[in-house]
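Chemist: Following this message is one structure expressed as structure tokens.
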Amino acid sequence: MLNNTNVLRRTAARVGLGVTAGLALALALPGVAQAHVTVKGEAEGGGFSVVAFRVPNERDNASTTQLRVILPKDHPIGSVQTTPVPGWKITTATRKLDKPIEMFGEKLDSVVSRVTWTATSGGIKPGQFQDFDLSLGQLPESGSLVFNALQTYSSGEKVNWNEVSADPSVEPEHPAPVLEITPAAAAKPAATTDVGNASGAAADTQTSTTGDDASMALPIGLSGAALALSLFAAVLAWRRGRPVEVVASEQATDRERVEV
């Protein structure tokens, strides 16, 4: 009997360890799946936007020492500007266009093709991330821009983030950074909605104020009615008391006349 109890205890312990390990793996997988190079920012169609390439370090034994972003070839971008990043050197490269593009009335036959950030100190250490900003314009009116990002580690390993899945529900192993562009026309209803919300808020405020006034009017009206009733009662009492005094006075005068 004792042996059977020990066997059951050992079996339960093994099952518990298996469940715990499975839960830990399930919780860890989403974090791993999300740890890739992405592009962040709000991009309005036809305009200029500042976007950030977010680079997490996925290695425990190496630092990220370089990031190279290759801009889309199918959508040449006329203006690509960088901003200083402490601890990083920035270089750019250009390419010739088969067909010039027009920007502010000027024909451009070459554009920036790639931007490279190279660490001059420690780079991105394990467990850390770094944002690299770019100003881009003019952007397409709508759609999306797909970039190619090459991440280099201090160990010499290179990871190319350039995969695009045909099925949106399936994420590839090394997804490319994708910038979604909001059509400029879609931004106007939002402003109208804000105005509508403001008008609605003002109407609600007015309704609330009117309700408060109505709720205050009842006590004031009752107080006025009570005051009026009090005054009426006082006047009535005064009028009732006055004839008695007059009759008594007249009777006293009549007595005085008789006595005289």
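The values are calculated or read from the model by the stated rules, or taken from the named source; none is laboratory data. Since this is a predicted model, take the numbers as computed values, not measurements. Virtual Cβ from ideal backbone geometry, glycine too; neighbours counted across all protein chains shown. Each accessible area value is taken on the protein alone, full model and side chains, heavy atoms only, with ligands, DNA and RNA left out. Shrake-Rupley method; radii C 1.70, N 1.55, O 1.52, S 1.80 Å.
Chemist: Express the carbon and sulfur contribution to the solvent-accessible surface of segment 38-118 as a percent, rounded to the nearest whole number, probe 1.4 angstrom.
Modeler: Heavy-atom surface of segment 38-118 belonging to carbon and sulfur, 1.4 Å probe: 45 percent.
Chemist: So, one more: Calculate one ³J(HN,Hα) per residue across segment 108-115 by plugging θ = phi - 60° into the Karplus curve 6.51 cos²θ - 1.76 cosθ + 1.60, and present them in order as whole Hz with x for glycine and proline.
Modeler: Along segment 108-115, the couplings run 10, 9, 8, 9, 5, 9, 7, 10 Hz.
Chemist: Let me ask another. How far, in nm, would the chain grow between His75 and Val178 when pulled straight, counting 0.36 nm per residue and subtracting the alpha carbon separation?
Modeler: Working: separation 103, 0.36 × 103 = 37.08 nm, distance 1.30 nm.
Extra length from His75 to Val178 when fully extended: 35.8 nm.
Chemist: Further question: So if R0 is 45 Å, what FRET efficiency would Gln128 and Ile101 give, r being the distance between their Cβ atoms, rounded to the nearest 0.05?
Modeler: Taking R0 as 45 Å, the efficiency between Gln128 and Ile101 is 0.75.
Chemist: Evaluate E = 1/(1 + (r/R0)^6) for Thr118 and Ser155, where r is the Cβ-Cβ distance and R0 equals 22 Å; express this FRET efficiency to the nearest 0.05. Provide the component values of the computation, followed by the final result.
Modeler: Working: r = 16 Å, r/R0 = 0.72.
The formula returns an efficiency of 0.90 here.
Chemist: Under 29 Å between C-alpha atoms is the cut-off here; go through segment 71-142 and count lysine pairs that meet it, provided they're at least eight residues apart or on different chains.
Modeler: Close lysine pairs under the 29 Å cut-off: 7.
Chemist: Given a Förster distance of 41 angstrom, what is the FRET efficiency for Ser135 paired with Asn61, based on the Cβ-Cβ distance and rounded to 0.05?
Modeler: Computed FRET efficiency for Ser135 and Asn61 comes out at 0.70.
Chemist: Calculate the spin-label point distance for Ala166 paired with Glu44, positioning each point 7 Å from the Cα along the beta-carbon direction, and give it in nanometres.
Modeler: Here the answer is 3.8 nm between the modelled labels.
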